[in-house]
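Down below is the structure, laid out as structure tokens.
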Amino acid sequence: MVAVDGHIKVEPIIAGKLRRYHKLPVLRQILQVRTIVLPNVIDGFKLLAGGVQSVAKLLVWRPDVVFAKGGFVCLPVGVAARLLRIPLVIHDSDAHPGLTSRILSRWADVIATGAPLKYYNYPKKRSHYVGIPVATTTKPLSVAAQRDMKETLGFSQHEPLIVITGGGLGAASINQAVVKVLDDLLSFASVALVAGRANADDIIQSVKKRPNLQIHGYLSPDKMQQLLGAADIVVSRAGATTLLELAALAKPSIIIPNEHLTGGHQVKNAEVYKKAKAIVVVEDAMLTSDPLSLVDAINATLLNKDTIKTLSANIREFAKPNAARDMAKLIIGAVK
């Protein structure tokens, strides 16, 4: 992307990624010729093509600085910036550095992180813990405002509200577990499940309509923020941005990290917060084998006021309300 007259112009490039699977042994990955090895070889050539494209585009644009947010598409652009001696700034959201960020960190003028620096092996002189930018409206609600929001959204003010989400696309293991234990959850709380667009209709048809139950396929960012603000407890995946949004809202949270993502990023994100006693973790494998483990975790948390206060206070310690401003200062400061 490049800024032109105050607008963001989007320019695509060819890019390739390295397929690696956290839960699959290396030998088995090597034997998966059609699904892993061959696509990796093809994407290697795509990476070279993207590098040539990136050099050409940067020669035309001559930017003062290149900012890379991570992910495989940033690799050819970051390498091109290095070759052309253009200042490079990178930001790594996850507590476990991704492969692209690890490579680009060797040449980056400035490195920003989403988690405390002790979880990274980046050079400390060039590294800055800034957090992850979230909407400025993402703030904790007062008790009265939370009750009003529950009523606005159609829930009872007098019952605890559990908000369960697997991310924008939903999460099959979470959805399936919630359906199995829904009666147990509704016996002591209201429930809002954000199941993903592709899953919501099937779930709605499979469960009875209840006054204290809402199932959504997708919610706009504003609506999602309202729902999270109204929640007494949130059940979610361990995406880096999601965790920082929950931190900004100071929400007691039960986190179910996706164990199968490349590099185990979500597992490592969750470990950071768990060590700080800021979240309760339920393993995905446990959720699948024993869905009632989710009910037990929610019940144990809601029934203990001290636990609720501790989780809320500790997760809020990770909030970085000035992350966007601090990141912008680092980018501008890197211009030579």
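Laid out as a table, the results:
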{"read-out": "Options ALA112, ALA56, ALA108, ALA80: the member that is part of a helix (DSSP H, G or I), within 18 Å of VAL335 (Cβ to Cβ) and modelled with pLDDT of 75 or more", "value": "ALA80"}
{"read-out": "Unique match (being part of a loop (DSSP other than H, G, I, E, B) and assigned by TED's automatic domain parsing to the domain that holds ALA15) among ILE86, ILE103", "value": "ILE86"}
{"read-out": "Given (1) over 30 Å from PRO116 (Cα atoms); (2) more than 16 Å from the chain's Cα centre (by Cα), number of the condition GLY196 does not satisfy", "value": "(2)"}
{"read-out": "Among residues of segment 56-87, those that are in contact (Cβ under 8 Å) with a residue 60 or more places away in the chain and under 28 Å from the mean Cα position of the chain (by Cα), counted", "value": "7"}
{"read-out": "Filtered residues of segment 235-253 (kept if under 20 Å from PRO133 (Cα atoms) and of a type in the set (A, V, I, L, M))", "value": "ALA238, ALA240, LEU243, LEU244, LEU246, ALA247, ALA248, LEU249, ALA250"}
{"read-out": "Subset tally (residues that are over 23 Å from LYS320 (Cβ atoms) and in contact (Cβ under 8 Å) with a residue 12 or more places away in the chain) for segment 123-161", "value": "10"}
{"read-out": "Test: residue in segment 147-160 that is assigned by TED's automatic domain parsing to the domain that holds THR307, modelled with pLDDT of 95 or more and among the aliphatic types (A, V, I, L, M)", "value": "yes"}
{"read-out": "Top-ranked residue in segment 277-289 [being modelled with pLDDT of 95 or more and of a type in the set (A, V, I, L, M, F, W, C); ranked as surrounded by the most Cβ atoms within 10 Å (Cβ to Cβ)]", "value": "ILE279"}
{"read-out": "Residues (modelled with pLDDT of 90 or more and surrounded by 18 or more Cβ atoms within 10 Å (Cβ to Cβ)) located in segment 197-212", "value": "ILE203"}
{"read-out": "Criterion (at pLDDT below 95 and at negative phi) met by exactly one of LEU261, LEU292", "value": "LEU261"}
{"read-out": "Criterion violated by LYS320 - all others in (1) more than 23 Å from LEU228 (Cα to Cα); (2) surrounded by fewer than 20 Cβ atoms within 10 Å (Cβ to Cβ) satisfied", "value": "(1)"}
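A quick yes/no check of all residues on (1) under 21 Å from ASP184 (Cα atoms); (2) free of Cβ contacts under 8 Å to residues at least 12 places away in the same chain; (3) of a type in the set (A, V, I, L, M, F, W, C):
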{"site": "SER220", "(1), (2), (3)": "no, yes, no"}
{"site": "LYS223", "(1), (2), (3)": "no, yes, no"}
{"site": "GLN226", "(1), (2), (3)": "no, no, no"}
{"site": "GLY239", "(1), (2), (3)": "no, no, no"}
{"site": "ALA247", "(1), (2), (3)": "no, no, yes"}
{"site": "ILE254", "(1), (2), (3)": "yes, no, yes"}
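The values are calculated or read from the model by the stated rules, or taken from the named source; none is laboratory data. Please read all numbers here as calculations on a predicted model, not as lab measurements. Cβ coordinates were reconstructed from backbone atoms using ideal geometry, including for glycine residues, and neighbour counts include every protein chain displayed.
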